[in-house]
Amino acid sequence: MADIFGSGFEEAKFAATEAMKNLIQSCVDEELIKQGIDRIMNDSDLNTSNSAPSIIGRISATIGSLLDNRYRREWDMAFKVLSVLFDKLGNDNLFLPFFFLPHPVV
């Protein structure tokens, strides 16, 4: 999404936003959320974890990258996607900041 947001093509930005929202609504389920939370709870030091990020962690990291200052003109779209993720997490939304923490790529 970052590449699309940086492209300057407004139609592509809106399409990517809608696609990401639909992906979250359709594919993120309780099991994916549970796996992400379990990963957080099992990693004693998130910054030096040797495990790959969970799927929900990768989705969150993608959304988090869109909140960078260079995409400030697209923040309205990024916040729409973040809002869908926040709603999808429900009561587990308190873990959202932990999903944004960097994980090494394995």
Take the residues in the range 11-36 that are surrounded by 13 or more Cβ atoms within 10 Å (Cβ to Cβ), over 14 Å from Asp87 (Cα atoms) and charged (D, E, K, R); name whichever of them is modelled with the highest pLDDT.
Glu18
Give all pairs with beta carbons closer than 9 Å in which a residue from the range 61-89 that is modelled with pLDDT of 90 or more meets a residue that is among the basic types (Lys, Arg); count only pairs at least 6 apart in sequence or on separate chains.
Glu74/Lys13; Met77/Lys13; Lys80/Lys21; Val81/Lys21; Ser83/Lys21; Val84/Lys21; Leu85/Lys21
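The values are calculated or read from the model by the stated rules, or taken from the named source; none is laboratory data. Keep in mind that what you see is a predicted model, and the values were worked out from it rather than measured. FYI the Cβ positions are ideal-geometry reconstructions off the backbone, even for glycines, and counts take in every protein chain you see.
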